[in-house]
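Input: a single structure, listed below in structure tokens.
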Amino acid sequence: MTQPPAIRVDSVEKRFGEFRAVDDVSFSVEKGSVFGLLGANGAGKSTLIRILCGILAPTNGSARVDGFDVATETEEVKRRIGYMSQRFSLYEDISVIENIRFFGGLYGLSGASLRTAEERTVSLAGLAGEESRITGQLSGGWKQRLALGCAILHEPSVVFLDEPTGGVDPVARRLFWEIIDGLAAAGSTILVTTHYMDEAEFCNSIVLMHAGKIVASGSPQELKREYIRGRVFEIECDDVSLAPALLAKDGRIADASPFGAFLHVTLREGVDAGLVPSLLTGAGVRFGRIEPIRPSLEDVFLHVIEKR
Ligand SMILES: Nc1ncnc2c1ncn2[C@@H]1O[C@H](COP(=O)(O)OP(=O)(O)OP(=O)(O)O)[C@@H](O)[C@H]1O
Ligand SMILES: [Mg+2]
């Protein structure tokens, strides 16, 4: 028998007045996996996380976390989850160890169990020897790891991380993801939101939200296979604003989008790669290097969102 999911979301809707911030969302998250909730600003990610943490009641639909209903068994849910909100929840004007003790107290830890949790957190955040530093003086990466440590002091089985890596440098982001991997390997389930597509690649499965709705879902590999079926090329091109519309007119091209200073073009299956230069030349568009590239999740998402 397969294990029940760590998170199960059934047709959840959240309205603020007439506005639907979350619109008929359903998915489930396997125990011990890293699940990415992606989407542009205002897609509804934080609202959904707040519902799953029992902070906000859904207007319609239901959700279970670790088997408990988020609306009717809120206390059971809260005991089992860790939540790192979009704005880190640490107190800036007290020390590292004082923050840890404060959150430990909130979770009802004391005596030996608090001391064990303190040590674990200091080591997870890489802050050994820095326990008396004022939190506000720590760099973004340290603060972020400390905030994560404080959110999981009580060893929750499901962890919600809302944009934990915003504004943090690439080295700290990588370190943070190593910690997430370790937590998942130890059996925790992680639901994380991010705007960084390189981070989305680390997730076992992903849901892409747009204006409250799910518009794509699957593992990174599945999404690339499903949405970028043909081959993708990167083209150095003088006019990345006009060329996409021009190329997209041809039925053999699945997608053409500007990608920074380049053009990313996806050919339908079986189409010869020589098509792109001949179309560009035919239309008088000047171009340079054309290179086949591995599709990234960014390609997938630009493609999915543009189709909306
Ligand atoms: N309490 C509220 N009252 C009214 N509207 C709200 C409320 N909370 C959120 N919204 C709206 O719901 C929509 C979704 O917001 P939400 O914060 O969930 O998006 P998000 O995907 O987390 O975005 P971001 O990437 O910017 O964090 C937004 O349009 C937001 O303005
Ligand atoms: Mg948000």
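The values are calculated or read from the model by the stated rules, or taken from the named source; none is laboratory data. Nothing here was measured: the structure is a model prediction, and the numbers come from that model. Here the Cβ positions follow ideal geometry from the backbone for every residue, glycine too, while neighbour counts run over all protein chains shown. Please note that ligands, DNA and RNA were not included when accessible areas were found on the heavy atoms of the full protein model with its side chains. Shrake-Rupley method; radii C 1.70, N 1.55, O 1.52, S 1.80 Å.
Values as computed for the structure displayed
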| quantity | calculated |
| --- | --- |
| Residue in the stretch 62-74 that is under 19 Å from residue 157 (Cα atoms), open to solvent by 40 Å² or more (accessible area, probe 1.4 Å), touching a Pro at 6+ places or on another chain (Cβ under 9 Å) and of a type in the set (A, V, I, L, M, F, W, C) present | yes |
| Residues located in the stretch 91-125, provided they are outside any helix (DSSP H, G or I) and open to solvent by 40 Å² or more (accessible area, probe 1.4 Å) | 91, 92, 93, 94, 107, 108, 110 |
| When residues of the stretch 1-40 are limited to those that are free of Cβ contacts under 8 Å to residues at least 12 places away in the same chain and within 16 Å of ligand 2 (Cβ to nearest atom), the one nearest to residue 303 (Cα to Cα) | 19 |
| Number of the condition not met by residue 82 [criteria: (1) over 29 Å from residue 119 (Cβ atoms); (2) touching a helix residue (DSSP H, G or I) at 6+ places or on another chain (Cβ under 6 Å); (3) assigned to a strand (DSSP E or B)] | (1) |
| Test: residue in the stretch 272-288 that is under 29 Å from residue 7 (Cα atoms) and open to solvent by less than 50 Å² (accessible area, probe 1.4 Å) | no |
| Close pairs from the stretch 93-108: first in contact (Cβ under 8 Å) with a residue 40 or more places away in the chain, partner among the basic types (Lys, Arg) and open to solvent by 20 Å² or more (accessible area, probe 1.4 Å), Cβ under 7 Å, at least 6 apart | 95/133; 96/133 |
| Any hit, the stretch 251-270, residues being part of a helix (DSSP H, G or I) and either of a type in the set (D, E, K, R) or modelled with pLDDT under 95 (or both) | no |
| Residue 218 being under 29 Å from the mean Cα position of the chain (by Cα) and modelled with pLDDT of 90 or more | yes |
| Matching residues, the stretch 289-303, being modelled with pLDDT of 85 or more and either open to solvent by 70 Å² or more (accessible area, probe 1.4 Å) or over 13 Å from residue 266 (Cα atoms) (or both) | 289, 291, 292, 297, 298, 301 |
| Test: residue in the stretch 57-71 that is in contact with an Asp or Glu (Cβ under 7 Å, 6 or more places away or on another chain), touching a residue at least 24 places away in the same chain (Cβ under 8 Å), within 16 Å of ligand 2 (Cβ to nearest atom) and not charged (D, E, K, R) | no |
| Tally of residues being within 9 Å of ligand 1 (Cβ to nearest atom), in a loop (DSSP other than H, G, I, E, B) and open to solvent by 30 Å² or more (accessible area, probe 1.4 Å) across the stretch 12-52 | 4 |
| Selection within the stretch 1-11 - over 19 Å from the mean Cα position of the chain (by Cα) and either in a strand (DSSP E or B) or near ligand 1 (Cβ under 8 Å from one of its atoms) (or both) | 10, 11 |
| Looking only at the stretch 237-271, and only at residues there that are polar (S, T, N, Q) and surrounded by 15 or more Cβ atoms within 10 Å (Cβ to Cβ), the one that is nearest to the chain's Cα centre (by Cα) | 257 |
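Per-residue answers, yes or no, for (1) on the phi > 0 side of the Ramachandran plot; (2) open to solvent by 40 Å² or more (accessible area, probe 1.4 Å); (3) at pLDDT below 90; (4) part of a helix (DSSP H, G or I):
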| residue | (1), (2), (3), (4) |
| --- | --- |
| 127 | no, no, no, no |
| 130 | no, yes, no, no |
| 147 | no, no, no, yes |
| 153 | no, no, no, no |
| 156 | no, no, no, no |
| 159 | no, no, no, no |
| 167 | yes, yes, yes, no |
| 173 | no, no, no, yes |
